[in-house]
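Quick notes on the structure that follows.
Values quoted throughout were computed directly from the atomic coordinates according to the rules given, and no laboratory measurement underlies them. Computed from a prediction, not measured in an experiment: that's the story for all the values here. Cβ placement follows ideal geometry from the backbone for every residue including glycine, while neighbour counts extend to all protein chains displayed.
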Amino acid sequence: MSYEDLFTQLKCHGQEHLIKYWPDISENEREQLAGELRKIDFVEMNEIFHRGMESSKVIAEKLDDDLKPIPQSHYEAVPSLSREKIEEYENIGFREISEGKVGVLLLAGGQATRLGFGHPKGMYNVGLPSHKTLFQIQAERIVRLQKIAEEKTGKEGKITWYIMTSEHTMAPTAEFFKDHSFFGLEEENIVFFEQGRLPCFDFNGKILLDEKYQLASAPDGNGGLYRALKTQGMLDDISRRGVEHLHAHSVDNILIKVADPVFIGYCLSRNADCAAKVVQKSSPSEAVGVVCRVNGHYKVVEYSELSDEAAERRNPDGRLTFSAGNICNHYFSSEFLKKISNFESKLKLHVAKKKIPYVDDNGVRKKPTEPNGIKMEKFIFDVFEFAEKFICLEVARDVEFSALKNADSAGKDCPLTARQDLLRLHRKYIREAGGIVKDDVDVEISPLLSYGGENIDDLVKNEVFTISPFHLKSMEESATNGVNGANGKH
């Protein structure tokens with residue numbers, strides 16, 4: 001495409017400044033810039049900017065008048081369920097797994113910059129006795145789950161793992177899995193795909209240049225999942241494999257129950273097309289969004305959008321009225337995901353004012369000290385309002401949620417807390433199975449041995465664990481890596 005053609009096309013959309021430095025750049029740089037410009041639907045981008053700016057003006061939405069908690073008919077809490085009910089849901093989930101109908105959608109685009117890591121967050125090792133990374137822990141939970149499902153049903157089914165990376169994490173993530181032999185999973189059942197990006201704008205809707213030959217852009221948020229599923233052929237792959245249930249979650253929850261059969265069974269028994277796992281908010285001021293109803297639609301309302309009165313409101317039993325804390329842990333039926341791809345353009349856009357490096361009018365790349373533009377994001381939970389049957393499942397925080405977001409210096413949601421939370425949970429499993437372990441003894445249970453506390457009774461009953469740290473492994477791991485550290489038990 002010639003300069004004249006590019007200029008004419010861009011001028012129609014008020015973005016002709018993007019080739020202002022055409023005379024200054026090399027032929028290769030011109031090809032790179034022209035290639036980026038050809039990929040952009042400028043009508044859509046201008047619409048996105050205006051839609052995003054409009055939605056950002058309606059932050060409060062008069063929430064208090066329209067805000068309702070999730071009705072009890074659409075809500076269950078695992079800690080309150082009977083063992084029989086949990087097993088009922090679990091058995092439904094295992095049946096679906098054994099028939100190959102369950103998939104996992106892993107949101108793994110983060111680069112762990114706040115951790116000072118510089119690699120995909122899933123490659124992070126929080127310092128467990130095993131030194132396993134987040135990716136390995138989650139992969140091994142899938143391996144174990146497939147084995148349990150086969151033992152319970154007599155039928156071998158595979159869980160398909162769809163891993164959404166970003167542009168920068170795609171290659172290192174795929175290479176990491178290959179280098180580790182896919183952590184015991186079959187390569188054909190791990191599918192990598194890439195989330196999209198959106199241009200960064202100045203406050204007037206002009207797209208910024210990061211270099212004279214390159215647009216400023218940023219990942220389109222975890223809500224970019226829906227477009228990526230469609231444009232990268234994942235919806236077709238889901239149909240081809242016969243996957244009917246997708247468990248979606250972020251990579252940074254070290255306690256995640258991947259492809260949770262209880263969650264799958266609960267959703268299927270209620271004929272849900274979309275669902276969220278939630279935890280009870282720890283306090284009215286906890287900085288977590290809450291799942292609730294706004295004007296009759298299910299939504300996540302950010303903590304900053306709740307008034308103090310709404311945040312502190314309590315039921316007669318003393319429980320917070322708006323207590324369903326969102327933890328980015330969701331269920332989708334495959335049919336719902338196909339339907340949502342048609343509504344994707346209607347998803348709310350979230351605007352963030354940021355300090356975005358840019359090329360100024362003199363052609364000099366600047367790093368601003370104050371916000372100079374906006375990044376647009378879509379959030380995964382903004383599809384809730386399009387669900388015909390949306391439900392919630394409350395889970396225990398100490399069993400299922402510990403996020404890894406910050407460096408240890410932050411003191412929360414960091415490697416130290418993630419490690420402590422996992423080891424604390426494993427001590428709980430050991431005690432429930434009849435073992436004896438003090439709070440200052442760190443015992444890690446391999447996911448290949450136990451998915452959620454099962455299968456350890458014969459190893460730990462009446463055993464006293466005294467040596468710390470200690471790694472309780474499966475027979476296969478012990479055979480490969482040495483004995484199970486029996487000298488840690490007395």
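When peptides 193-205, 32-44, 251-263, 359-371 are ranked by their average number of other Cβ atoms within 10 Å per residue, the highest-first order is 251-263, 193-205, 32-44, 359-371. Other residues lying with their Cβ under 11 Å from the Cβ of Gln9 contribute a combined charge of -1, Lys and Arg counting +1, Asp and Glu -1.
Pairs from the table (Lys152/Lys257; Lys39/Lys158; Lys230/Lys366) lying more than 28 angstrom apart at Cα are Lys39/Lys158; Lys230/Lys366.
Expressed to the nearest 5 percent, the antiparallel share of DSSP beta bridges inside the chain is 55 percent. 3J(HN,Hα) along the stretch 161-169, derived from phi through the Karplus expression 6.51 cos²θ - 1.76 cosθ + 1.60 where θ = phi - 60°, amounts to 10, 9, 10, 8, 9, 9, 3, 7, 9 Hz, with x in place of Gly and Pro. Sorted ascending by nearby beta carbons within 10 Å, beginning with the fewest, Met376, Met170 become Met170, Met376. Per-residue packing, averaged as other Cβ atoms within 10 Å, sorts the ranges 90-103, 302-315 into the order 90-103, 302-315, beginning with the highest. Here the chain is described by how far its Cα atoms reach on the three principal axes: 79, 54, 46 Å, from widest to narrowest.
Seen against the Cα atoms of the chain and their longest principal axis, helix 3-12 is set at about 80 degrees.
Taking amide H as placed 1.01 Å from N in the peptide plane, Val278 has its amide H under 5 Å from the amide H of Leu393, Glu394, Val395, each at least 5 places away in sequence or on another chain. Compared with the dominant principal axis of the Cα atoms in the chain, helix 27-38 is inclined by about 70°.
A cut-off under 13 angstrom between Cβ atoms defines the neighbours of Ala275, and their net charge, with Lys, Arg +1 and Asp, Glu -1, is -2. The helix-only estimate of mean residue ellipticity at 222 nm for the chain, built from DSSP H runs of length n ≥ 4 each weighted as -39500 (n - 2.57), is -9500 deg cm²/dmol after division by the residue total. The long axis of helix 83-98 is offset from the longest Cα principal axis of the chain by roughly 60 degrees. A cut-off of 5 Å between modelled amide H atoms, ignoring neighbours fewer than 5 places along the same chain, links Leu215 with Asp210. Cα convex hull, the stretch 370-470: 167 Å³ per residue, rounded to a whole number. Take the stretch 78-215, drop everything but the C-alpha atoms, weight them equally and run the Debye formula without solvent; then report log10 I(q)/I(0) at 0.11, 0.14, 0.16 Å⁻¹ to two decimals. Result of the Debye calculation: -0.57, -0.80, -0.94. Amide H contacts of Ser250: Leu107, each under 5 Å away and 5 or more positions distant or on a separate chain (H built 1.01 Å from N in the peptide plane; Pro and chain starts excluded). Using alpha carbons only, how many angstrom separate the centre of the stretch 398-419 from the centre of the stretch 320-340? That distance is 23 Å.
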